[in-house]
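First the structure, in the form of C-alpha cells, and then the observations on it.
The values are calculated or read from the model by the stated rules, or taken from the named source; none is laboratory data. Not measured: the values here are computed from a predicted model. Cβ sites come from the backbone with ideal geometry, for glycine too, and all protein chains shown count toward neighbours. Keep in mind that these areas ignore ligands, DNA and RNA; they rest on the heavy atoms of the full protein, side chains included. Shrake-Rupley method; radii C 1.70, N 1.55, O 1.52, S 1.80 Å.
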Number of protein chains: 2
Amino acid sequence: MTYHTTLDGAVAAAAAAAGPYGSWSAARRRDLLHACADALEAARAELVDLARTETALTAERLDGEVTRTTGQLRLYGDHVAAGRHLSGRTSPGAAPGGADVWTVDVPLGPVAVFAASNFPFAFGVPGGDTASALAAGCPVVVKGHPAQPRLSRRIAEVLAGAVAGADAPDGTFGFLDAESAGGDPARLGIELVRHPAIKAVGFTGSFGGGRALMDAAAARPEPIPVYAEMGSVNPVFVLPDAIADEAGREKWATALAAAVTGSGGQLCTKPGVVFVPETDDGEALADLTMFRIADTAPIPMLTEGMAAAHRTWSAKTAEAGAPARGESAVPDGTEPDARAGYPFAVQITAKDFEGDYREEHFGPAAVLVRADPADYPALADSLEGQLTATVIADDASAADRAAARALLPSLVAKAGRVVWNGVPTGVAVVEAMQHGGPWPATSAGWSTSVGTEAIRRFTRPVALQGVPADLVG
Amino acid sequence: MTYHTTLDGAVAAAAAAAGPYGSWSAARRRDLLHACADALEAARAELVDLARTETALTAERLDGEVTRTTGQLRLYGDHVAAGRHLSGRTSPGAAPGGADVWTVDVPLGPVAVFAASNFPFAFGVPGGDTASALAAGCPVVVKGHPAQPRLSRRIAEVLAGAVAGADAPDGTFGFLDAESAGGDPARLGIELVRHPAIKAVGFTGSFGGGRALMDAAAARPEPIPVYAEMGSVNPVFVLPDAIADEAGREKWATALAAAVTGSGGQLCTKPGVVFVPETDDGEALADLTMFRIADTAPIPMLTEGMAAAHRTWSAKTAEAGAPARGESAVPDGTEPDARAGYPFAVQITAKDFEGDYREEHFGPAAVLVRADPADYPALADSLEGQLTATVIADDASAADRAAARALLPSLVAKAGRVVWNGVPTGVAVVEAMQHGGPWPATSAGWSTSVGTEAIRRFTRPVALQGVPADLVG
C-alpha cells in the first residue's frame, strides 16, 4: 500500500477526503482505528526491529510502546463510538419561540501531525496526534521524524494499508518526510503548516520547533490552532519526612534515578530538577540519587546530535563549579562513544538555581537543588510552565502534609499534572490525563496531547436550533 | 468607587489579584457576580438613559439588554457555584501504581476584555466576556468602547463598587478607556494585549480589530489565546414550499425585514444574505422583503462613522447595477441625517454573488440572492465561516425536507449555529448555545462567547495523580 509523497499531493488528497471521511459514523471510525492497531500488531516484530536500529532504544521498551500505541488507537476508537468525545450540551426549549438548542460536533479538517523522535510509536507516525485526529474525523498528513526515516516510512505503509483496507477515502492518511522536500525537514514542516487546506497542527518536540510552527500558523491568512507539546523540567519537591530514614532515601533515590535515566532521559516528563531539603537527610538523598544515576551504564541516545548536546551540557555544568559529585559523564581519558548518553547529575543550592539549570535538558541528567522546604512555594512560583510537578512526602506526617498544602497551589498553577509520591514519567492514556500545561511547556495549556480528551482538539461544536433531528446526523 | 485608570496600574493590580481571587470558592464568585447584577439593576434607569444618549438605541431595546446582562451575570455565577463549568474527568486507579487521576480546573489569570459598541451592556463593559472571566476566577481589565465613554465609565464605577463591596481583591475588576492612552484607543488595545501579565483576551468587534489583537498576542514572547468574535453575513436559505403561498411569503418577509433592520442592523447575527428560489414565488418573497425593509423608517446608528459607511456601501451597491428595487437609502434630493441608517436591500442573481456582497455589512441592509435551490449546497460551500446559517422550510413538505437534508451538512460545516425556521438574531444565553464559528467569523471556532460554555475559555484542567483530596481545593 502507498500514500502521497509530495506535500501538495498529500494535502490535496487530505482536503478531498475531509468531507467524506468527516461524515463517517463514529462506528466506522472506530473500525478504522482498530484496523490500524491490528496492522501494527501484525507488523510488530519487524517494526520493533527497525525501531531498535534507528532509535537505539531497547527492544523491551519499544515492544511496550507498540502495545501502548495499539491500545491508544483502540481506546480512541471505542471512545468516539461510545460518543464520549461529544460536547453533548442540550438546552430544551431555550431558543426564541421555544425551539430546542443542542450541540453536535464536527471535525476541523485536515490535521498536520509532526512525529516526535523520542516515542517512535506512541508520539510517532501512528501516535496520539494521528489517533486523536483520525478519531475526531479529520484526515491526517504526518511528517515523519528525520532521525527515523526507514521506520517512519514502514509505519506509514502499514497504516496506509489499514486505512485503504477500511475503505477510507484516499487521502485520509498521508505521510511526508524530508525526501519529499529535497532534504530540508524544517522547510517541509513550515510549508505544511502554511498550506491553506491544513486546519490544525499537532506537534511534539523542541521549543524552537514548536514556536516556529506557531508563528507560521499565526501568520496565515487563516490562522489555525497549533497544539505543540514542547517539554519542561518537571520539578520534583521532596519533603523532609519522606526521607527521614534510610529506607525512604533508598526508595526515592532509586525511583528518581530510574526516572532520570530511563529511555536515556529522553522523555518529556523526565524529572530534570529535584528539590531536596538542605538538611543532612536531604544531602544524603541527593548523594544517593547522584550515585544511583552515576552507577547507570551509558545509554545510546536517539541521535548523535542529542548525545553531543548532552555531553556539552554536562561539561558546561560541571565546569560551572557546581559540586557535581556523582557525575560519571565521560570517564577521564576515554574517547566518548558518539551516540552514548553518559548519566550525569549536579547538586547546587537554591541561590544558584538560574540560567541553564532551569532549562529542559534531554538526556540522562538531573539537577539536584538543596533548598529550605519553606522556600518551595516561592521556588515553584519562579518556574516556567511545566508538564508535570511532583511532591514526595510521608503520607502519615502532619508536617509533610502541612508543607504540601502550602506548596500544592503553586504547583497546580504551574503544571498540567501534579503527581503525589510517584515519578512523572508514566503517562497513563486515560480520560482524566492532562498532558499539557502552561507556556512554554505547551502552546495551549487547556488542551492535552495524551488521553481521550486529545480528540476534542480536532472538533468544534455546532449549535442546532430547532432543526428536525431526522435531517441531521 | 473607583478603579485603576492607567494601563500599568490596572494590569499590575489584576496580576496581584489573580492569585487571591483565583483561589476564591465558586460560591464566593457567584455572590460577586450576583452583586454585580444587583448593582446594575439598581442603576438601571440612569444607565439606560446614558446608553440611549450615546448609542441612539431605543430605551426599550436597552432596557431589555440590561435584563439580559444581569441575567447572564447571575446565570454564570450559578453555573460555577453548581460546578457545571468543571471538566470533571476521573480515571480511578489509572496511574502507575494504581493511583487515581482526576482533573481540577484553574483560572488562566488576568483577562483583557474589549467591549463592543453594538451591545453596550450584553457585550459591553459588564458583558459576556467580563461575566465569564470573573466566573472562571480571572480578574478582568476591560477596555471601554470609545463611542460610549460616559456610559462605559459609569458602568465601570458601578461594577467596581459591587466588586469592592464583595470584598474582592483590589484589581479584580479594572477599566481603561481612550483617555488613559492619550486618546488612541487602538494603541491602548495593542498595549493591553502585549502586557506580559495578561493571559487571555476576549474581543467582539470588527475583523480588522480582531486580527490586529490576534497578531499582537501571537507575537508575544508568551503567546496567549484571543477569543475574537468578528461577525459574518449569516446566510439564510429559503426553500420553495415555505413560500408557496402568500401567508408564507408574508410571514417570512416580515420576519426577515425585522431581523435585518432591528437595532439598525447592527447585530453580529443580522441575516445579511438571503438566498431565495429563482421562481415566481421566490421573486415575490424577495420583492416583499425589500418592500418591508424599505418601508422601515431610518434608524439612528451607533456612530456617525457607521452611518457614513452604511451610506457608502448602499450607494456603491446600488450603482453596481444590481436591481436594487426596494432600496430607500437616502431619499432623492434630501440631505442625509449624519447618523441615520437608511434601510436598504438589493437583489442579485447567484452568478453576481461576489466581492462586497459576501462581506459583512453593519447597518439595516441585506443582499437577496436569487438562486436555484439545487445550488444552495454549493453556494454554502463557497461561503466563509459564519456565526450562523438558517434554513426556512415547510416542515410538512417532503421536497423541502429533502433539500434541507442535502443542504444541512454544508451549513454545519460552515457555521457555529444552524437555525431552522427562525431568524438568527436571537441568541439565547444557555448552556447549549454556540456563538462562534469557523474563521473569519471568530478566531477560535471551537469556543463560544455566549452561554455558560464561555466560562471554560478562561480555565485549564490540571490532572491530579494520587494527591490526597484533603490537601487540595
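Couple of notes before you dig in:
- The protein assembly as shown - share of DSSP beta bridges that are antiparallel (%, nearest 5): 25
- Candidate lysines - alpha carbon under 20 Å from B:K143, same-chain residues fewer than 8 apart omitted: B:K199
- Annotation for the B:A interface, with buried accessible surface near 4900 Å², both sides summed [1.4 Å probe; non-protein components not counted].
- Accessible area of the protein assembly as shown belonging to carbon and sulfur atoms, whole % at 1.4 Å probe: 54
- Taking all Cα-Cα distances within the protein assembly as shown, those exceeding 54 Å account for 18%.
- The DSSP beta bridges internal to chain A are antiparallel in roughly 25% of cases.
- Among beta bridges from DSSP that stay inside the stretch B:236-420, the antiparallel ones total about 10%.
- Relative contact order computed over the stretch A:236-420 (Cα-Cα under 8 Å; 6+ residues apart), in percent: 28
- Sorted shortest first, the separations between the A:R358 label point and its copies elsewhere in the assembly read 4.8 nm; each point sits 7 Å from Cα along the Cα-to-Cβ line.
- Chain B, rotation onto A, residue closest to that axis via Cβ, with its distance in Å: B:A218, 2
- Formal net charge of residues neighbouring A:E304 (Cβ-Cβ distance under 15 Å; K, R +1; D, E -1): -1
- Label point of A:E46 (7 Å along Cα→beta-carbon): distances to the other copies' equivalent points are 7.9 nm, sorted ascending.
- Across the stretch A:392-402, rounded Karplus estimates of 3J(HN,Hα) from the backbone phi angles (6.51 cos²θ - 1.76 cosθ + 1.60, θ = phi - 60°) give 10, 8, 8, 4, 8, 9, 5, 5, 4, 5, 5 Hz, Gly and Pro being marked x.
- Cα pair distances exceeding 42 angstrom across chain B, given as percent: 21
- Shortest first, B:A398 label-point distances to identical copies amount to 8.0 nm, with the label point at 7 Å from Cα along Cα→Cβ.
- The charge dipole of the protein assembly as shown, taken about the Cα centre with unit charges on the Cβ atoms of Lys, Arg (+1) and Asp, Glu (-1), comes to about 260 debye, rounded to the nearest 20.
- In terms of overall dimensions, the C-alpha atoms belonging to the stretch B:236-420 reach 51, 33, 28 Å along their principal axes, ordered largest to smallest.
- Restricting the stretch B:46-85 to trypsin sites (Lys or Arg not before Pro) that sit in a DSSP loop and have at most 16 other Cβ atoms within 10 Å of their own Cβ leaves B:R84.
- Net +/- balance of residues flanking A:A135 in space, Cβ distance below 12 Å, scoring K and R +1, D and E -1: +2
- Pair-distance distribution P(r) for the stretch B:1-64, from all Cα-Cα distances in 10 Å bins starting at 0: 18, 28, 33, 20, 0 percent.
- Taken per residue, the accessible surface of the stretch B:1-148 reaches 34 Å², heavy atoms only and a 1.4 Å probe.
- GluC sites (Glu not before Pro) lying in DSSP loop within the stretch B:223-302, provided at most 15 other Cβ fall within 10 Å: none
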